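The structure under discussion appears below in the form of structure tokens.
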Amino acid sequence: MTTYLRHLNALRAFEAAARHQSISKAADELNVSHSVVSQHVKNLEDWFGTDLFVRSGNRITLSADGRTLLPRVSAGFQTLTDACSDLLRATQKGTLAISAEPALASSWLRKRISEFCEEFPKVDVDLRPDWRPPVLGKDLVDIIIHFETRLPATGAKRHRLFPLNGYPACAPPVREKLFKDGAVDWRTAPLVHDNGREIWQKWYAAHEPGNDQWKQGRVHSELSLAIGAAVDAEGVFLADDILCAKELKSGDLVRIDDREILCVWYGIATQRKTARKPAVDTFVGWLLDRVTTLDRAPG
């Protein structure tokens, strides 16, 4: 048994690489370097005396022996995960203060926090919408969830949450006015901006080069205000499938162009490990697990 457990980290690296079919993605998940995962896999292959992957350039696929090993290793790790999760639900306790970007807090995060609190009833979560993130620790905040560009650059552990990919959408009355001969005239389209004109500028540069209509339209100070303005038929907004899910499902907003642009990444910041509460790691891990299977449908 001692000999087998000595290879536990290598088995974990193998399982992640096999699931992703990528050494790099496994390294990202495990928060280690590419070379560490590669060495773990090599050590495991040396121990078994067989190749677990077939390598072709930078691509990997499971070998026959790898396919035999993977289901039982995955089941074993799932058993360990379930055992730890069950005990954490019963024992994890405390209060978490989370500062979050307002639109994310109201449109997506609030519901996830409710789900978390149902699973971990002894953990209380204080959700604080903040446009300007506070200082970790000093302002009694345990977790910041915000635009990556607004997270602390040093002195914190950071995780990527998900990107927002924006595309033009508007209220039905605006769509009726915009479409002429089956197309939108992007030289005259009324625009709704969120905290500056940068995102529309990027969209026009990528899809309507030479058109300076992005300079027009009202600028709103927060994303949630811009979404509300678009619903109220003030103009065209760069919507997304996550924060605008409810409005898109109800028909308050309709997509009018398939062309997208990366608007922003959301990220998570926590204090260094020595200063973190145990429940912080539990919540962050729980949330990141939800994001890996993020359902872009409304909800």
State yes or no: is residue 209 in contact with a Gly (Cβ under 9 Å, 6 or more places away or on another chain), loosely packed, with under 14 Cβ neighbours inside 10 Å and at pLDDT 90 or above? no
How many of the residues making up region 40-66 are under 21 Å from residue 30 (Cα atoms) and in a helix (DSSP H, G or I)? 7
Quick check on this structure: which one of 149, 95, 81, 154 is assigned to a strand (DSSP E or B) and loosely packed, with under 14 Cβ neighbours inside 10 Å? 95
Result of the Cβ filter at 7 Å on region 218-244, keeping first residues that are open to solvent by 10 Å² or more (accessible area, probe 1.4 Å) and partners that are acidic (Asp, Glu) and not in a helix (DSSP H, G or I), at least 6 apart or interchain, is 218/234; 220/194; 223/194; 231/252
Note: among 85, 114, 56, just one is without any contact (Cβ under 8 Å) to a residue 24 or more places away in the chain, closer than 30 Å to residue 150 by Cα and out of contact with any helix residue (DSSP H, G or I) (no Cβ under 7 Å at 6 or more places or on another chain), namely 114
Using the structure shown, decide if residue 12 is in a helix (DSSP H, G or I), surrounded by 15 or more Cβ atoms within 10 Å (Cβ to Cβ) and at pLDDT 90 or above. yes
Set 56, 63: member being out of contact with any strand residue (DSSP E or B) (no Cβ under 7 Å at 6 or more places or on another chain) and more than 27 Å from residue 279 (Cβ to Cβ): 56
Flagged in region 22-39 as open to solvent by less than 80 Å² (accessible area, probe 1.4 Å) and outside any helix (DSSP H, G or I), in numbering order, are 22, 32, 33
If you take the residues of region 176-194 that are of a type outside the set (A, V, I, L, M, F, W, C) and modelled with pLDDT of 95 or more, which of them is farthest from residue 223 (Cα to Cα)? 190
Of everything in region 8-38, what is touching a strand residue (DSSP E or B) at 6+ places or on another chain (Cβ under 9 Å) and β-branched (Val, Ile, Thr)? Give them in sequence order. 23
Would you mind stating whether residue 138 is more than 22 Å from residue 246 (Cβ to Cβ), open to solvent by 40 Å² or more (accessible area, probe 1.4 Å) and either of a type in the set (Asp, Glu) or assigned to a strand (DSSP E or B) (or both)? no
Looking only at region 141-161, and only at residues there that are more than 25 Å from residue 30 (Cβ to Cβ) and touching a strand residue (DSSP E or B) at 6+ places or on another chain (Cβ under 6 Å), the one that is modelled with the highest pLDDT: 147
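The values are calculated or read from the model by the stated rules, or taken from the named source; none is laboratory data. Since the structure is predicted, the reported quantities are computational estimates derived from the model, not experimental observations. Virtual Cβ from ideal backbone geometry, glycine too; neighbours counted across all protein chains shown. When the accessible area is computed, the model is the full protein with side chains, heavy atoms only, and any ligands, DNA or RNA have been set aside. Shrake-Rupley method; radii C 1.70, N 1.55, O 1.52, S 1.80 Å.
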